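Below you'll find the structure, written out as structure tokens, and then a few comments.
The values are calculated or read from the model by the stated rules, or taken from the named source; none is laboratory data. Source: prediction; values computed, not measured. All Cβ positions, glycine included, derive from the backbone under ideal geometry; neighbour counts span all protein chains shown.
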Amino acid sequence: MGGEKQDFRGVVIVAQPVNPPTRLLMGPGPINADPRVLRAMSAQLVGQYDPVMTAYMNETMGLYREVFRTRNEQTLLIDGTSRAGIEAAIVSLVEPGDRVLVPVFGRFGHLLREIAERAGAEVHVIEREWGTVFTLAELEQAIAATKPKLLAVVHGDTSTTVAQPLEGVGELCAKHGVLFYTDVTASLAGNEFDTDALGLDAVTAGLQKCLGGPSGSAPATFSARAVEVIDSRKSIEAGIASEGDVVRAARIRSNYFDLAMIFDYWGEKRLNHHTEATSMLYGARECARLLVEEGLANAVERHRLHGAAMLAGVGGLGLETFGDLAVKMNNVVAVKIPAGVDGDAVRGELLNDFGIEIGTSFGPLHGKVWRIGTMGYNARKDAVLTTLAALEQVLRRQGAAVVGGGGVGAAYEVYQDAVSNTAAGTRVGVGVGVETRASAGAGAGTAAAPIPAEEIAR
């Protein structure tokens, strides 16, 4: 490389080619991206209005209608992380002074509250102890008391690993004339979810968890009712406006997250609002293709199976879990750090000695629990067993009393039960690893065939 290079401050620049170490990401996200997604993202760029590109955009919209289980026309990608999707939804639906109700049961409920406050909303918050969720009666009481324009709720909160049940909430919102929004970043594709059946008006997600991709694109879908609210605020920016376009007094405060213009970018008008993050679109499209090939029900069942094996495994080691297991997400478990054990030291040894990453948590749970994920490409048998075996060894080195072989043994029992139930004709988790779906040659609309019982034990 010639001589030593320095930046403008005189600091030596060390910039080797990107070559990250091999890691098994078993935390709450991000996870290892599916190899097919990475290959798709390496494809060459095309112009944003190239017929190939617009065809990819239309295909992506159709694929995510299947992933979200919706007929919504406005189903698309928002460029940015999952937080970009949250911000776009809230800032486009909420005008300054509007009332927003946010049920908080973990870190990300607080995030929804802050974003709504920054949008100028009058935010009303109800809170539950972390690890628990709200009853339908509690939500109805809060809706009746606050009369919000928007109910904004996290579906699955990875900070606590629990999911708020949404059944019946849509009916409550319709009864009271409330828009219903949920963030499904942590839960989509790993837990049962149906946008239209739940009566949702706005849903946003991210790729970096059960969808098996990298962070950087936010799939989203909006009902006709939400679109009407958003379009009523449409103000096309001056440099791309056409004759007759109106500048509205209540225009959306963010240009970047202005969904009224983003809808026109993805629609027939192809409004030149921004340049699409092409490589991220390739990746997001492939995430959805993989899920549609596998079948959404199969994907959820795969996450349930491997999540159940991990839950049994940590219990088999003699570890305790945090949170109400009746509402735990399939794809992540919170494990209480044993007394006398240095939680960060355990995470460090797992990473340095085994190349395995697990997570810590936030706020009142910081330093008290680890979060172990089984999601996306890593919702597979070998990842579960490897993590449990490594965790046992590290805990022993830290002086914790664990049951020798208990983790792997308990997980194996879950997998063996799955084999037995499949042989008996009972529907169980399909797919031990995503290698079966990743190598499938089916088209985007073809569901993967159930995997034979003997392959579940692989």
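Here are a few things to note about the model shown:
- Of all residues in the range 17-29, exactly one satisfies the criterion of being closer than 30 Å to Ser92 by Cα and either touching a helix residue (DSSP H, G or I) at 6+ places or on another chain (Cβ under 9 Å) or hydroxyl-bearing (Ser, Thr, Tyr) (or both), namely Gly29.
- Among residues of the range 112-136 that are under 20 Å from Leu172 (Cβ atoms) and free of Cβ contacts under 8 Å to residues at least 60 places away in the same chain, those with a beta-carbon under 9 Å from a residue that is in a helix (DSSP H, G or I) and of a type in the set (Asp, Glu) at least six positions away or on a different chain give the pairs Val123/Glu114; Val123/Glu117; Ile126/Glu138; Arg128/Glu138.
- In the range 154-193, the residues that are touching a Ser or Thr at 6+ places or on another chain (Cβ under 6 Å) and either surrounded by fewer than 24 Cβ atoms within 10 Å (Cβ to Cβ) or part of a helix (DSSP H, G or I) (or both): His155
- Residue count for the range 403-433 satisfying the condition of being in a loop (DSSP other than H, G, I, E, B), crowded, with 21+ Cβ neighbours inside 10 Å and modelled with pLDDT of 75 or more: 0.
- Remark: pairs (first residue in the range 179-190, under 17 Å from Val229 (Cα atoms) and aliphatic (A, V, I, L, M); second residue assigned to a loop (DSSP other than H, G, I, E, B) and modelled with pLDDT of 95 or more; Cβ separation under 6 Å; 6+ apart in sequence or on different chains) = Leu179/Asp201.
- Listed by position, the helices (runs of 4 or more DSSP H) inside the range 220-322 whose residues that are under 30 Å from Gln416 (Cα atoms) number at least 1 are 278-294, 296-316.
- Answer from Ala189, Ala205 - the residue that is closer than 20 Å to Ala284 by Cα and in contact with a Cys (Cβ under 6 Å, 6 or more places away or on another chain): Ala189
- The number of residues in the range 239-289 being acidic (Asp, Glu) and more than 25 Å from Arg225 (Cβ to Cβ) comes to 3.
- Residue among Glu268, Glu293, Glu301, Glu228 that alone is closer than 25 Å to Leu198 by Cβ, among the acidic types (Asp, Glu) and surrounded by fewer than 20 Cβ atoms within 10 Å (Cβ to Cβ): Glu228
- For the range 118-126, the count of residues that are touching a strand residue (DSSP E or B) at 6+ places or on another chain (Cβ under 9 Å), in the same structural domain as Gly156 (by TED's automatic domain parsing), surrounded by fewer than 19 Cβ atoms within 10 Å (Cβ to Cβ) and over 24 Å from Phe257 (Cβ atoms) is at least one.
- Residues of the range 324-336 satisfying the condition of being part of a loop (DSSP other than H, G, I, E, B) and either surrounded by fewer than 22 Cβ atoms within 10 Å (Cβ to Cβ) or among the hydroxyl-bearing types (Ser, Thr, Tyr) (or both): Asp324
- Residues of the range 357-394 that are aromatic (Phe, Trp, Tyr) and more than 12 Å from Leu25 (Cβ to Cβ): Phe362, Trp370.
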